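Shown next, in structure tokens, is the structure this report addresses.
The values are calculated or read from the model by the stated rules, or taken from the named source; none is laboratory data. Here the structure is a predicted model, which is why all the values come from computation and not from measurement. Here the Cβ positions follow ideal geometry from the backbone for every residue, glycine too, while neighbour counts run over all protein chains shown. We work out accessible area using only protein heavy atoms, side chains counted, and drop any ligands, DNA or RNA first. Shrake-Rupley method; radii C 1.70, N 1.55, O 1.52, S 1.80 Å.
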Amino acid sequence: MKTYTYHPLILLVIILSTVSCENELPFNIKDNPPKLVMNAFINADSLTNVLFLNLTGKDNSTHIENATVEVRVNGQIRETLRPLPPETDYDQQCRFNMNGTFSPGDVVRIDALTDDGKYHAWAEVTVPQRLDEIENIDTLTVPLTQNGFTQDYMRYKITFRDRPNEENYYRIVVDKQLTLWGYNHEEGGEDYIYWTRQLGYSFIGREDVVLTDGQPSTGDDEDNGLFDTAKNIYGVFDDSRFRNSSYTMTVYNSPSVNSSSGSDGYGYYDSLDVIIRLLSITETEYYYLKALNLVDSDVYDETINEPIRYPSNVHGGTGMVGISTEVSKKVRIRTWQR
């Protein structure tokens, strides 16, 4: 199974700052002055959201050193931010830590201003309404053929209901999580978490009509090249096929663990959980991630395909600022006793 480790924000910086073509066009820096690149994928329920700032360039993006970010909610300024210290000497990326949660329906405006007054970019996003709940998740271990090999996968049938009377855009994320637990030997005491490790979010959604935009396929179809279409790597979909009704989505992932806790001591045990997350996202973020699906799939060839235009909601610059709300449900896959 092909493993994708791309991060949408990193890809956006690379894409917006680099142009590749067969015949290079003349580049005049006077006609193409640098622009602020503002990127953030914000979880409305999280207290640890990060916004990234860069400047576009002829060959590579450059870093911003001195800038201020202002966050307004429903017209009222909530916080004024300065850059975080660089993470390493080799990573001078300009980051801002955004504090506080957002509520569905909030109008969030984010302004980025450089200290020298040369650049000012801003984005305004309305926080999407979240789904009511994940109604049910049915799981079953089934054989699945992938890349010519058949092995056991976990199948998830996820039932949820669309938000009524509006156009909605969603994303599914399948997180796999390994946890090392410690026994509490006191009477009535609860076991405690020693640590938790995220194992990735890849999944297979080729059989689902909604995730494949009406073009479901099998492992044989993919191996034979009968369906040469972009894979939905980022799990985005809209409600056009199940508007105002419920839907049961089918995805698979491997229950195997390529990592261990590293602890063989007495008094510990491991558990493997899968967290199904259904995100409500904005229309702009939906089309941006669909564009990344095409770029990151094997079917796209920049030498013969037309250049892709990436949606941007940043004014006075470029980039993507998205805000999502979500519902989630955890499924315990198995436990290893020590």
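A few remarks follow.
- Relative to one another, the C-alpha centroids of the stretch 313-330 and the stretch 128-176 are positioned 21 Å apart.
- Taking Cβ atoms as reference points and 13 Å as the exclusive limit, the residues near residue 69 contribute a net charge of +1, counting Lys and Arg as +1 and Asp and Glu as -1.
- Amide H contacts for residue 146 (H built 1.01 Å from N in the peptide plane; partners 5 or more residues away or on another chain; cut-off under 5 Å): 151.
- Remark: the stretch 29-127 carries 54 Å² of accessible area per residue (probe radius 1.4 Å; ligands, DNA and RNA excluded).
- Label positions at residue 298 and residue 241, each projected 7 Å from the Cα along the C-beta direction, are separated by 2.2 nm.
- FRET efficiency, 1/(1 + (r/R0)^6) with R0 30 Å, evaluated for residue 136 and residue 48 via beta carbons: 0.50
- In terms of distances greater than 30 angstrom between alpha carbons, the cross-link table entries 118/290; 176/231; 58/290; 58/176 yield 118/290; 58/176.
- Debye intensity ratio in log₁₀ form over the Cα atoms of the stretch 29-127, taken at each q of 0.15, 0.16 Å⁻¹: -0.62, -0.70
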